[in-house]
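Participant: Got a structure for you, written out below as structure tokens; questions coming shortly.
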Amino acid sequence: MTRTLVHLVRHGEVFNPEKVLYGRLDGYHLSERGQAMARVLGDYFADNDLSVVTASSLIRARETAAPIAEPHGLPIGTDDRVIEAANTFEGQVVSLGNFLRPKHLARMYDVRTPSWGEPYAEIAARMQAAMADVRAAAEGHEAVIVSHQLPIWMARCAAEGRRLWHHPRSRECSLASVTTFAFDDADLAEISYAEPAKHLTSDSSASVGA
């Protein structure tokens, strides 16, 4: 059997002092700490057998991918099947009080789909399709996909047979984290998780935009 590793990497911290749920809005760059996280990821993967690096089209993902791809002389591919989930609260300031305003409650009736954004099942399906293509392209080597918290968590939940609906605080997917899927041929063999930039994270560096 041929072992192939597909690493799902969450981008680093974003400069977002207004705490906006930026979602798919472009123009949100990595903060200084986020850039340091990206450099840590570059060091983390420097000696790995990478043959593919891809990312969503959002600038925070591509800025995170750059130090990973550069030591290997690889181009950064673009695949919007791994983009952030659509969310009807995009562009709004993140606060419980804001989300629970009467004008917003009509969006909150179904936590299982969810009613306020892209269906979890659709996120999982597009991530699985992107991972299958990357695994085939990197067969026998390793690939990195730089994505976003919810899509990465949906990919993991689907692979592990977990229910897709969940509380956001239950996600194991910190900033600049690495969720690795190991495949033997096309069969998933194991999943592992690492936080190489954990020393750079803190409660104040939590990314509300994901």
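The values are calculated or read from the model by the stated rules, or taken from the named source; none is laboratory data. These numbers come from a predicted model, not from an experiment. Here the Cβ positions follow ideal geometry from the backbone for every residue, glycine too, while neighbour counts run over all protein chains shown. Side chains are part of the model used for accessible areas, which takes the heavy atoms of the whole protein and leaves out ligands, DNA and RNA. Shrake-Rupley method; radii C 1.70, N 1.55, O 1.52, S 1.80 Å.
Participant: Quick one: count up the residues across region 187-201 that are more than 13 Å from ARG135 (Cβ to Cβ) and not in a loop (DSSP other than H, G, I, E, B).
Facilitator: Final tally of qualifying residues: 8.
Participant: Within region 89-114, how many residues turn out to be surrounded by 15 or more Cβ atoms within 10 Å (Cβ to Cβ) and touching a Ser or Thr at 6+ places or on another chain (Cβ under 9 Å)?
Facilitator: Filtering region 89-114 for residues surrounded by 15 or more Cβ atoms within 10 Å (Cβ to Cβ) gives 89-90, 92, 94, 99, 107, 113-114.
If we keep only those that are touching a Ser or Thr at 6+ places or on another chain (Cβ under 9 Å) as well, we get 107.
Of the residues in that region, 1 qualify.
Participant: Next up: Does region 6-23 hold any residues that are in contact with a helix residue (DSSP H, G or I) (Cβ under 9 Å, 6 or more places away or on another chain) and touching a residue at least 60 places away in the same chain (Cβ under 8 Å), and which are they? Break it down stepwise before answering.
Facilitator: Within region 6-23, the subset in contact with a helix residue (DSSP H, G or I) (Cβ under 9 Å, 6 or more places away or on another chain) is 6-15, 22.
Hits for region 6-23 are VAL6, HIS7, LEU8, VAL9, ARG10, HIS11, GLY12, GLU13, VAL14, TYR22.
Participant: OK, next. Check ARG62, ARG3 and return the single one that is within 18 Å of ALA132 (Cα to Cα), in contact (Cβ under 8 Å) with a residue 60 or more places away in the chain and out of contact with any helix residue (DSSP H, G or I) (no Cβ under 9 Å at 6 or more places or on another chain). Steps first, answer last, please.
Facilitator: Details: ARG62 fails: within 18 Å of ALA132 (Cα to Cα).
Unique residue meeting the criteria: ARG3.
Participant: Tell me, which residue of region 98-122 that is of a type in the set (D, E, K, R) and not in a loop (DSSP other than H, G, I, E, B) is modelled with the highest pLDDT?
Facilitator: Here the residue is GLU122.
Participant: Here is a follow-up. Please state which one of GLY161, GLY117 is surrounded by 14 or more Cβ atoms within 10 Å (Cβ to Cβ) and more than 20 Å from VAL14 (Cα to Cα).
Facilitator: Numbers: GLY161 fails: surrounded by 14 or more Cβ atoms within 10 Å (Cβ to Cβ).
Among GLY161, GLY117, only GLY117 is surrounded by 14 or more Cβ atoms within 10 Å (Cβ to Cβ) and more than 20 Å from VAL14 (Cα to Cα).
Participant: Okay, moving on. Which of the residues belonging to region 62-78 are surrounded by fewer than 20 Cβ atoms within 10 Å (Cβ to Cβ) and either part of a loop (DSSP other than H, G, I, E, B) or among the β-branched types (Val, Ile, Thr) (or both)?
Facilitator: GLY73, LEU74, PRO75, ILE76, THR78, listed by residue number.
Participant: Moving to a separate point now. Where the second residue is among the acidic types (Asp, Glu) and open to solvent by less than 30 Å² (accessible area, probe 1.4 Å) and the first is more than 20 Å from THR64 (Cα to Cα) and part of a loop (DSSP other than H, G, I, E, B) and lies in region 135-150, which pairs have Cβ atoms under 8 Å and are six or more apart or on separate chains?
Facilitator: Correct list of pairs: empty, since none qualify.
Participant: Residues of region 24-51 being closer than 14 Å to GLU142 by Cβ and either open to solvent by 30 Å² or more (accessible area, probe 1.4 Å) or of a type in the set (S, T, N, Q) (or both), which ones?
Facilitator: Within region 24-51, TYR44, ALA46, ASP47, ASN48, ASP49, SER51 meet the criteria.
Participant: Please enumerate the residues belonging to region 25-46 that are in contact with a helix residue (DSSP H, G or I) (Cβ under 9 Å, 6 or more places away or on another chain) and assigned to a loop (DSSP other than H, G, I, E, B). Please lay out each step first, then the result.
Facilitator: The first filter runs over region 25-46 and keeps only residues in contact with a helix residue (DSSP H, G or I) (Cβ under 9 Å, 6 or more places away or on another chain), leaving 26-31, 33-46.
Within region 25-46, ASP26, GLY27, TYR28, HIS29, SER31, ALA46 qualify.
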